[in-house]
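One structure below.
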Amino acid sequence: MKKTILSLLFVAGVAATTAKAQTKIPPDIEKLLQKNTCLACHKADTKLVGPAYKEVMQKKKYKAEQIVELIYKPKPSNWPGYPAMAALPQVPKDEAKKIADWIVTLK
Ligand code: HEC
């Protein structure tokens, strides 16, 4: 019973999030963001622990190479008011590149 209620809440939550979300993350990218824990702290449109990827692009207008660099070597001074993002050296280079190529498409 408890499980049913929980899963109903979950479905409702997902539906609400989907209805509000403006940015559709392509499934292959979402998989990479999930696997590399980015989603724990970032969403495409809204601020979570870190800034929304859209906001990152609006404020900084990075090139994909710069984003790859920042995944391995974050610069917390770029985002006053946020906690520091830990460097993620374990992210495979090709995956970091794919994620970065998607982030730069956000406006
Ligand atoms: C534990 C939380 C956390 C995780 C996990 C995390 N981030 Fe962040 N990220 C942050 C925070 C907080 C900031 C803002 C402060 C900073 O840059 O240190 C940030 C900043 C950024 C920025 C902007 C950098 C800049 O200097 O302008 C990018 C791009 C980014 N993250 C991408 C990613 C990607 C891609 C992943 C997964 C590979 C990821 N983050 C994982 C918390 C996180």
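Where a number appears in this text, it was derived from the coordinates with a stated rule and is not lab data. Quick caveat: nothing in here was measured; it's all calculated off a predicted structure.
What to note about this one:
- Over 24 Å (Cα to Cα) - which of Lys24/Lys73; Lys24/Lys75; Lys31/Lys54 fall in this group: Lys24/Lys73; Lys24/Lys75
- Largest-first principal axis extents, alpha carbons of the stretch 25-103, Å: 31, 23, 22
- Alpha-carbon centroids, the stretch 46-62 and the stretch 81-107: separation in whole Å: 11
- Length released on extending from Lys59 to Lys47, taking residue separation times 0.36 nm less the Cα-Cα span: 3.0 nm
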